[in-house]
Amino acid sequence: MSSSAPPEQPLLYEVSDGIATITLNQPDKLNALNDQMVSECVERINEAKADDAVRVLILTGAGKGFCSGADVGKMGGEVTPVSVRARLQNGLQRIPVAMSDFDKPAIAAINGVAAGAGLDLALMCDLRFAAASAKVAETYSRLGLVPGAGGAYFLPRVVGTAKALEMLWSAEFVGAEEALRIGLVNRVFADDELMAGTRAFALKIAKAPPLSVRLIKSAVYRGLNMDVRTGLDLISSYLSIARTSNDHTEAMAAFREKRDGHYQGK
C-alpha cells in the first residue's frame, strides 16, 4: 500500500490491490471542502485516471462525516455575479468535471453526514454505499442558494425528477435505509463494516477485465443521451474492441482453466 499524503494533510490518497482511495481528512469540520481540498481532490482523481495500476476509485471521509459541504468560511471573497460564477468554475465545479472524465468505476463510501456539496460529491460517483447511520441532504434552499456543485444535474438522474425536487426544495435529511429504498445508495452496511464492504465490492471490479469494465461504463453513460439505434451502433463498436482484446483472450483462458485472470486493460 502506498500513500502520497501524511495524516495531517486535508486529503489522503492511497493505492492498494488496484483500488485508489481518496479520503477527505478534515474530521473536525465534517470534511467541509475548502480550496486546497478541492484542488488536491482534482489532482488525485486525475492521478488515479492516469495510473494503470488503479482499476477502481473509492471516495470517503475521515471521522464521523462524509462531507458537510463547502467550507464557506474558507471560500469567501468578492460577491458579484461574475465573481461567484468564476469561483464555482475555478473551484468546486472542477471536481464534477474531473469525475465526468474519469473512465474507471468510482464508489462513494458515505460514512456519515453528506450535505449540500458533500452529497453532490457522492452523486458524482457511479455507486454509493452508505453506513447505517449516514444521513444525506441537499441543503442549499435553507440558505437561499442553488446546488452549485452539480446536485441539480446528478440527483434527478439517480432518483428521478420528482424525488430530486422533493429533496432539493425541502432540504430534509434522508437516512440510509430510505436512501436505499429510493435508489440514492446501492447498499447499506453496518457502520463498522462500511469500508470493508466497499473494498470487497471494489476488489471484485478490480479483478475483472479492466477494458470491459471501462467500455461498459462508457456505454451506459453515453447511451443515456442516445436513441436506441445509435446506442446499439456504439455497443457494436465496443464489442469489436473487446472481442479482439488481450483481456478477452485471457478471460476465456482463465474461464476454461478455472483460475483468476491476469489482465492488462488492452
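The values are calculated or read from the model by the stated rules, or taken from the named source; none is laboratory data. In this text the structure is predicted, and so the values were computed from the model without any measurement. Reconstructed Cβ throughout: ideal geometry from the backbone, glycine too, with neighbour counts over all protein chains shown. When the accessible area is computed, the model is the full protein with side chains, heavy atoms only, and any ligands, DNA or RNA have been set aside. Shrake-Rupley method; radii C 1.70, N 1.55, O 1.52, S 1.80 Å.
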Considering the convex hull of the alpha carbon atoms of the chain, report its projected area averaged over all viewing directions, in nm², one decimal. 15.5
If I model a spin label at ASN186 and ASP28 as a point 7 Å from the Cα along the Cα→Cβ vector, what separation in nanometres do I get? 3.5
Viscosity 0.890 mPa s, 25 °C: Kirkwood-radius Stokes-Einstein D of segment 89-187 over Cα pairs, µm²/s: 184
Determine the per residue accessible area of the chain with all protein chains present and a 1.4 angstrom probe, expressed in square angstrom. 52
Restricting to DSSP H runs of at least four residues, report the calculated mean residue ellipticity at 222 nm for the chain, -39500 (n - 2.57) per run over all residues, nearest 500 deg cm²/dmol. -14000 deg cm²/dmol
Would you mind classifying segment 113-257 by shape? Square roots of the alpha carbon gyration tensor eigenvalues, ordered a ≥ b ≥ c; an a/c under 1.5 is rounded, otherwise it is prolate if a/b is larger than b/c and oblate if not. oblate
Figure the gain on full extension for LYS266 and LYS204 (residue separation times 0.36 nm, minus the Cα-Cα span) and round it to one decimal in nm. 20.5 nm
Could you name the lysines in cross-link range of LYS49, using Cα to Cα under 20 Å and dropping any fewer than eight places away on the same chain? LYS104, LYS204, LYS207, LYS217, LYS266
Cα gyration tensor shape for segment 1-149, rounded if a/c is under 1.5, else prolate or oblate: prolate
Could you tell me what percent of the accessible area of segment 24-84 is made up of carbon and sulfur, with a 1.4 Å probe and every protein chain present? 55
Using a Gaussian network for the chain with springs between C-alpha atoms less than 10 Å apart, which of these wobbles most: GLN36, GLN93, GLN26? GLN36
Per the C-alpha gyration tensor (a ≥ b ≥ c, the square roots of its eigenvalues), segment 178-262 is rounded if a/c is under 1.5, else prolate if a/b beats b/c, else oblate; here it's oblate
Those lysines that a straight Cα-Cα span of less than 20 Å connects to LYS163, excepting residues fewer than 8 apart in one chain: LYS135
Describe numerically, in nm with one decimal, the distance between label points set 7 Å from Cα along Cα→Cβ at GLU178 and at VAL84. 2.8
